[in-house]
Every structure is written in structure tokens, then in C-alpha cells.
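First up is the structure itself, then whatever we jot down about it.
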Ligand SMILES: NC(=O)C1=CN([C@@H]2O[C@H](COP(=O)(O)OP(=O)(O)OC[C@H]3O[C@@H](n4cnc5c(N)ncnc54)[C@H](O)[C@@H]3O)[C@@H](O)[C@H]2O)C=CC1
Ligand SMILES: O=C(CO)COP(=O)(O)O
């Protein structure tokens, strides 16, 4: 062990996988679980077949100290969990949000929520093309770690990087967070295209033009369009809009096949962040005056304000324009 302590808050699929990745850096790891199993757990239901490394201790108590804390809960719970965590965590311990989405009630990105709940704390975001099960199995992957403080981002990449999980530092927190949030909405749209039998050309067009929308919105929020070409942008879109392991993409496929959203959600125990992020994203775009017809159409499909035929007409029967 290297003497470091990494704490992970949230023992869903991604928190569990990140605890495994953190243990591979040589650190001691604590994994906070909302309802710990009496007697402890080594194998977790979210990632069947994965054994937690010995370096990981599962606990129901928030950490008071660590070299870094990873916040890995559904984005809609980030506010309440971070308030509770702030109550016990020592000042100065950096918190990295690993959530992908917008808070539904406020349309805020996760780091903006943390700026309200942990105003004096150093913070960062981790985002990239990372299916939890593959990270847990130690398959090769990469992600971006962004903070407004680039020195902190570089320091955190040096703590969390390993020979199978390669991290790149960035200071574009708006671009990285927005890309991670929006890709879940686009993945639902891509799934709808495939589920409805509209073809792979249509899916590629939808993804590519959605990138243009997200880049415009990222710039309006002070981010960089170039970030969309990176791991948190195109990287995660490639994974999530084509990989059947994506919960958002598979939800889109089922919806495109004609299954009602309420029925799909009732059949699942894991989070598909795109569903609640979609309306928040459109509200944010409207507030910023950014035109996002594809994101809007996906949102209206999910809320049944549009039929598939109407959505198709709306997107394709527009006058041609410059790319
Ligand atoms: N699963 C994946 O491959 C990846 C997920 N993410 C992101 O990580 C975040 C978490 O996703 P997963 O771990 O996959 O979700 P999950 O659905 O597997 O697990 C969610 C976890 O949060 C806990 N939780 C729910 N409500 C809570 C509350 N009020 N307070 C405390 N804990 C609560 C649940 O008990 C569960 O352990 C999401 O924002 C997701 O987009 C990011 C990258 C990869
Ligand atoms: O964020 C992810 C991969 O990078 C996981 O995607 P889903 O939440 O759609 O499964």
C-alpha cells in the first residue's frame, strides 16, 4: 500500500468499480454504502461476479479524512449527500464528482451544486467513456479529470491514475460536466432511433449534430467546444450511443420499440440519468438562449409531447443549412 486513502461515496455500479480502480493504485479505500450489509460484503449485486479487493473496506459511516473523496451517487441525490458529507469531512479534503447529469429542479451541473453545499472545498469532476463493469474487471480505459484549479486536477490524476485507467487533466469544468450530462440524453435518442428501426445512418447523424448542440451550450456556459472532441464528449458518446451495456441507450431502444417509459423505469433498479437530465438540459439551453433542436426533440419524445413521426418530421423537414 502507498499510504494514501481514497474514499468513495456511493456503492452503486460506478462507485464499486471506482473503488476497485482506486485499490489498484495501491491506496487504502473506503467505500461508503447507504445501507451496509451486516457482516460486510465482498461481492456486490450491481456488479455480479466482481469481488472487492482486500484494500477496500465497506462502511456506512462518512469519512472524516482522506486524500481524496469520490462522490458517486445519482446526480439527483448529490445535493443531500454532499450536505451530509460536508458536515463531517475535514476542511481541505478534495471532492471529485463522478455523477453525470444535471440537477432536475435547478438545471445545475454537479460542481455548481457542490459550490453551494461545500463552498470552501477544492472540487473536481471525473468523466469519460467508462462502463463500470469493464473498469471493475481492470480492462483498459481513460477519462478526464477536470478542475478550475489545473494544479489540483494534475495532482488528482497522479493519485487516481493507474496502468489500466489513464487519466487526463483539464480545467474545462463546464465542458466536461456538460458533455457527461448531455451524452446520456443523446444516448436515449440514439437508442430510440435504433429501437424504432430508423437505421444506423440516422443514429450517426443524430449523435454528430447533437455534438454541435452540446458544444454551443458548453461555450455559452464558459466551456470550450474543443472539449467535446475529447474523452468526456465524443469518447463517451461513442460508448454510450452504441454500447448495449449503456442503461440510457438500452432504455432508448426499449422506448423506440414502443414500450412506455413508466413501464421501462419500473422494470429497472439502476439509474438512467438521461431521463431526468433531459428536461433540465433543455431548460438550461433555453435560459442561455442556445438552440438545441435534437435535445429538445428527445425530451419531448420522452414526455410524450411528440410522437416518433412528429419528431422525425420536426428534425428532418427543416431547411438545409451550413454545417
Ligand atoms: N455505471 C456506470 O458505468 C457509470 C455511471 N456513472 C455515473 O455515476 C452515477 C452513479 O451511477 P451508478 O453507480 O451506475 O448507479 P447505480 O444505479 O448502480 O447505483 C446508485 C447508487 O446510489 C445509491 N443511492 C440512491 N439514492 C441515494 C441517496 N439518496 N443517498 C445515497 N445514496 C443513494 C443507491 O443505493 C446505489 O448504490 C450516475 O451519475 C452515473 O451517470 C458514470 C460513469 C459510469
Ligand atoms: O456513463 C457511462 C459510461 O461512460 C454509463 O452509461 P449508462 O449510465 O448509460 O449505463
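The values are calculated or read from the model by the stated rules, or taken from the named source; none is laboratory data. All figures in this text were calculated on a predicted structure; none of them were measured in a lab. Reconstructed Cβ throughout: ideal geometry from the backbone, glycine too, with neighbour counts over all protein chains shown.
Considered as a group, the residues in segment 291-323 that are under 22 Å from the mean Cα position of the chain (by Cα) and outside any helix (DSSP H, G or I) include one that is surrounded by the most Cβ atoms within 10 Å (Cβ to Cβ), and that residue is 292.
Criterion applied to 12, 60 was being surrounded by fewer than 18 Cβ atoms within 10 Å (Cβ to Cβ) and over 28 Å from residue 150 (Cα atoms), and the one residue passing it is 60.
Here's the yes/no breakdown for (1) surrounded by fewer than 24 Cβ atoms within 10 Å (Cβ to Cβ); (2) more than 11 Å from ligand 2 (Cβ to nearest atom); (3) farther than 26 Å from residue 126 by Cβ:
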position	(1), (2), (3)
230	yes, yes, no
234	yes, yes, no
248	no, no, no
265	yes, yes, yes
271	yes, no, no
280	yes, yes, no
283	yes, yes, no
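Within the set 48, 91, 119, 74, the sole residue that is at pLDDT below 95 and out of contact with any strand residue (DSSP E or B) (no Cβ under 8 Å at 6 or more places or on another chain) turns out to be 48.
Determine whether residue 85 is modelled with pLDDT of 95 or more, crowded, with 22+ Cβ neighbours inside 10 Å and either out of contact with any helix residue (DSSP H, G or I) (no Cβ under 8 Å at 6 or more places or on another chain) or in a helix (DSSP H, G or I) (or both). Here the answer is yes, as residue 85 does meet what is asked. Please indicate, with yes or no, whether at least one residue in segment 20-35 is within 16 Å of ligand 2 (Cβ to nearest atom) and either modelled with pLDDT of 95 or more or closer than 22 Å to residue 284 by Cα (or both). Yes, segment 20-35 has at least one match.
Restricting attention to segment 238-278, the residues that are away from ligand 1 (no atom under 13 Å from the Cβ), part of a helix (DSSP H, G or I) and either touching a residue at least 60 places away in the same chain (Cβ under 8 Å) or touching a helix residue (DSSP H, G or I) at 6+ places or on another chain (Cβ under 9 Å) (or both) add up to 10. Could you please let me know if residue 217 is in a helix (DSSP H, G or I), within 15 Å of ligand 2 (Cβ to nearest atom) and either at pLDDT 95 or above or more than 15 Å from residue 188 (Cα to Cα) (or both)? When the stated conditions are applied, residue 217 does not pass them. The condition of being on the phi < 0 side of the Ramachandran plot, free of Cβ contacts under 8 Å to residues at least 40 places away in the same chain and assigned to a loop (DSSP other than H, G, I, E, B) does not hold for residue 166. Can you spot a residue in segment 188-196 that is within 21 Å of residue 97 (Cα to Cα), within 16 Å of ligand 1 (Cβ to nearest atom) and touching a helix residue (DSSP H, G or I) at 6+ places or on another chain (Cβ under 8 Å)? Checking segment 188-196: not a single residue is within 21 Å of residue 97 (Cα to Cα), within 16 Å of ligand 1 (Cβ to nearest atom) and touching a helix residue (DSSP H, G or I) at 6+ places or on another chain (Cβ under 8 Å).
Checking each residue in segment 198-224 for being touching a helix residue (DSSP H, G or I) at 6+ places or on another chain (Cβ under 8 Å) and without any contact (Cβ under 8 Å) to a residue 12 or more places away in the chain picks out 199, 200, 202, 219. Looking at this structure, is residue 189 within 16 Å of ligand 2 (Cβ to nearest atom), modelled with pLDDT of 95 or more, crowded, with 21+ Cβ neighbours inside 10 Å and more than 14 Å from the chain's Cα centre (by Cα)? Yes.
Applying the set (1) more than 16 Å from ligand 2 (Cβ to nearest atom); (2) assigned to a loop (DSSP other than H, G, I, E, B); (3) under 28 Å from residue 35 (Cα atoms) to residue 99 leaves exactly one unmet item: (1). The sole residue among 67, 149, 120, 138 that is in contact (Cβ under 8 Å) with a residue 40 or more places away in the chain, surrounded by fewer than 18 Cβ atoms within 10 Å (Cβ to Cβ), more than 20 Å from residue 281 (Cα to Cα) and away from ligand 2 (no atom under 16 Å from the Cβ) is 138.
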